[in-house]
1. Of all residues in the range 73-91 being within 14 Å of S29 (Cβ to Cβ) and touching a residue at least 24 places away in the same chain (Cβ under 8 Å), which is surrounded by the fewest Cβ atoms within 10 Å (Cβ to Cβ)?
2. Here is a list of conditions, (1) closer than 12 Å to V23 by Cβ; (2) surrounded by fewer than 15 Cβ atoms within 10 Å (Cβ to Cβ); (3) at pLDDT below 90, and L133 meets all of them except one; can you say which number that is?
3. Condition first: modelled with pLDDT of 80 or more, of a type outside the set (D, E, K, R) and in contact with a strand residue (DSSP E or B) (Cβ under 8 Å, 6 or more places away or on another chain). Can you find one or more residues in the range 55-65 that meet it?
Amino acid sequence: MKSSKSATPTKTSAFLRKMVVAVDLSDHSEATARYAAEIAKCFSASLSVVYVYEPVPLAEYVCESTFTILEEERDRLCKLLGELAQKVKPSGLTCKAVFLVGDPAEQIARWAREVDADLIITGSNEPTFLGRLFNLAKAPRIMHRAPCPVLVYSQRRVIAHGS
């Protein structure tokens, strides 16, 4: 008689436990976050809704990178992020808003490593010609730094990238 062992999901299996959705708080963010929440719901996965504030240097001549964010602006962005996370939260699942500061691609990848994410979902804002020329599109930058697969959500199509 054969013993039946229950299959334990591994990092390489199609089992999602923790997901990160990167948003920029644009109009497209809600659709991206809702899409991520639906996937999280299918897998009973936890979801981190992550916004990264990209600071502007106070002075270009300063040797060390010196950045600032006004408290009012931070509070406003945190409030918007929290409202978005609550709006898309699947019932019964963990969904938290995470506000980070720094380079968006680096911070999202760092957060995904920190929480041991199984999937990152980000939106595609279809950058302009100049945006592509100067490599300003965030989705490809996230893909190159990600510790896990990345799914790029576009209201027209979904683009997947495995790591």
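The values are calculated or read from the model by the stated rules, or taken from the named source; none is laboratory data. Source: prediction; values computed, not measured. Neighbour counts run over all protein chains shown; Cβ positions are idealised from the backbone, glycine included.
1. K87
2. Among (1) closer than 12 Å to V23 by Cβ; (2) surrounded by fewer than 15 Cβ atoms within 10 Å (Cβ to Cβ); (3) at pLDDT below 90, L133 violates only (1).
3. So far as the range 55-65 goes, no, none of its residues is modelled with pLDDT of 80 or more, of a type outside the set (D, E, K, R) and in contact with a strand residue (DSSP E or B) (Cβ under 8 Å, 6 or more places away or on another chain).
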